[in-house]
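Beneath this line is the structure, given in structure tokens, with notes to follow.
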Amino acid sequence: MSTFPSEALDWLAVWGDVRGLTVGDDAALPRRLTSRGHRVFAMSDDDRLLQRFLGYGVTPIHARPEAIPMDPYQFEVVFAHQSFHTLDAARALPQIARVLRPGGCLSTSYLIRDDSVPWVRRLAALLRRYDPMAMQGNYGHQSLDALRESRYFPEVEERAFRIWQPLSRDAMVKMVQGQPLASRLDEAQLAKLLEQVLALYDSAARPGEDLKLPFQMLCTRGWVDHAEMTGPVRLPENALAIKV
């Protein structure tokens with residue numbers, strides 16, 4: 001899904017005109033941030049992905065979050081969308097803390113299906129008659145426990161944003177056919193399953209309207225604490241020092 005709610009994006013960015021760093025392989029987030037007036041650096045070790053940012057006002061950096069080739073205090077916000085679980089948190093979190101400015105934060109987000117809606121629960125129960133692992137939704141957001149437990153980010157805020165994705169009858173059929181279980185059923189079994197799925201659809205949808213598949217954008221902001229750095233972090237020569 002390409003939808004990224006503007007209110008979620010603004011909550012993750014915290015301020016306007018942010019100097020931010022994105023990590024991970026999501027191509028849409030750096031562009032969305034740039035379109036909202038932020039100054040964005042996008043970091044990845046995928047050259048083909050970095051090439052896609054040229055011409056969009058995004059500055060590409062070929063690197064990994066476990067070894068960020070930047071001076072300290074370079075960014076107000078570091079963003080990780082749908083990618084925190086791909087990081088080596090033990091190595092990446094100190095690096096991210098190092099390049100964040102005092103008062104800055106690591107903003108993470110995951111788009112996950114909301115299975116609390118009754119018709120979605122019924123669909124999951126139906127598919128699990130054929131495959132107990134169907135619609136389990138392993139998105140990777142459980143990895144955020146490492147952020148909640150990190151001494152570099154002792155204060156973590158969380159917020160969820162609801163998203164409704166229209167789902168037609170044909171799209172429902174394609175969604176079920178894309179499940180791994182579909183390839184293990186014979187023609188008669190699959191036809192019976194799809195018949196049951198469409199019956200469920202028709203019973204849940206209002207006449208003349210599509211169903212809406214619910215998702216949640218789970219967002220966190222971890223606020224950096226440089227007091228926990230194991231070595232001194234010195235301001236670069238061009239950094240702004242505020243005397244108090």
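Structure summary
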quantity	calculated
Helices (runs of 4 or more DSSP H) completely within the range 33-138 that count 2 or more residues being among the β-branched types (V, I, T)	89-99
Meets criteria (at pLDDT 95 or above, of a type in the set (A, V, I, L, M) and surrounded by 16 or more Cβ atoms within 10 Å (Cβ to Cβ)) for L144	no
Search result, residues across the range 193-217 that are exposed (fewer than 13 other Cβ atoms within 10 Å of the Cβ) and assigned to a helix (DSSP H, G or I)	E195, A199, D202, S203
Of all residues in the range 123-141 being modelled with pLDDT under 85 and touching a Pro at 6+ places or on another chain (Cβ under 9 Å), the one that is surrounded by the most Cβ atoms within 10 Å (Cβ to Cβ)	A134
Leading residue by the ranking (farthest from the chain's Cα centre (by Cα)) among those in the range 28-55 that are farther than 18 Å from C219 by Cα and among the small types (G, A, S)	G55
Flag for L21 being at pLDDT 90 or above and either surrounded by fewer than 17 Cβ atoms within 10 Å (Cβ to Cβ) or closer than 13 Å to E76 by Cβ (or both)	yes
One residue from V120, V58, V99 being at pLDDT 90 or above, surrounded by fewer than 19 Cβ atoms within 10 Å (Cβ to Cβ) and out of contact with any His (no Cβ under 9 Å at 6 or more places or on another chain)	V120
Residues (on the phi < 0 side of the Ramachandran plot and not in a helix (DSSP H, G or I)) located in the range 139-158	Y139, E149, S150, R151, Y152, F153, P154, E155, V156, E157, E158
Test for A8: is it loosely packed, with under 15 Cβ neighbours inside 10 Å, of a type in the set (G, A, S) and out of contact with any Leu (no Cβ under 9 Å at 6 or more places or on another chain)	no
Which listed residue, of L190, L181, is modelled with pLDDT of 90 or more, part of a helix (DSSP H, G or I) and surrounded by 11 or more Cβ atoms within 10 Å (Cβ to Cβ)	L190
Tabulated pairs, the range 129-157, first under 20 Å from E228 (Cβ atoms), second at pLDDT below 85, C-beta under 7 angstrom, 6+ apart or interchain	R151/E228; Y152/E228
Which listed residue, of T220, T230, is among the β-branched types (V, I, T), modelled with pLDDT of 90 or more and either closer than 17 Å to D115 by Cβ or not in a helix (DSSP H, G or I) (or both)	T220
Test: residue in the range 34-43 that is modelled with pLDDT of 95 or more, hydroxyl-bearing (S, T, Y) and under 30 Å from L213 (Cα atoms)	no
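Condition check ((1) of a type in the set (V, I, T); (2) farther than 30 Å from Q165 by Cα; (3) modelled with pLDDT of 90 or more) across all residues:
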| residue | (1), (2), (3) |
| --- | --- |
| R31 | no, no, yes |
| R52 | no, no, no |
| A90 | no, yes, yes |
| S107 | no, no, yes |
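The values are calculated or read from the model by the stated rules, or taken from the named source; none is laboratory data. Being a predicted model, the structure only gives us computed values, none of them experimental. FYI the Cβ positions are ideal-geometry reconstructions off the backbone, even for glycines, and counts take in every protein chain you see.
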